[in-house]
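Read the figures in this text as sums done on the coordinates, not as results from a lab. Predicted, not measured: the structure shown is a model, and the values here were computed from it.
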Amino acid sequence: MAEPKASTSTYIVSSEKQLEIQEVFGLFDIEGNGTVSINDVTTLVRAVGQTPSEAKIKQMKADMIHAMSPEMDPADPAAEDIRVTFPKFLDVFTKHAESPMMEEDIYQAFKVFDKTGTGYIPIGELKKIMTVAGTPGEALNEDELESFVSECNTNKDGMVNYRELAKKL
């Protein structure tokens, strides 16, 4: 049986954010019994403003399955039938969620890679940044990277205006 992975940090959820998460959780509680399907976790996490990688989502789901049914192996097909309560969802969510970065923080992070001081970085450099393990958040897989890059290179010149990119993120 897979054990939940220890988290190194906890996202601090304000009471306002907790109410927002609970409201969104309620939208996914289609049975009206205070639970959501484990299959809705990906959409739910993204609906509350997080953008975790598929690997992070998989770990969150495994941790939620373990929280709801400690003896169940997340790889067991029966795990697809698990329903998660709000307290268990919030507990796992806060262990895995990333604190939102501010636009200026993101801009300053990308500015480091602007060797010419023009406000632009080459797409190739952006690809390297976004696929390196240890990148804030998580490294992107190939599909996520291609989707991300296509959104960034809007004028198709091979350069990314990182001020505009910071605003999008």
For Lys167, counting only aspartates and glutamates whose alpha-carbon sits under 12 Å away and dropping same-chain residues fewer than eight positions off, the answer is Glu103, Glu104, Asp105
Read phi for every residue in segment 44-57 and hand back ³J(HN,Hα) as whole Hz from Karplus 6.51 cos²θ - 1.76 cosθ + 1.60, θ = phi - 60°, with x for Gly and Pro.
-> 4, 4, 6, 5, 9, x, 9, 10, x, 5, 4, 5, 5, 4
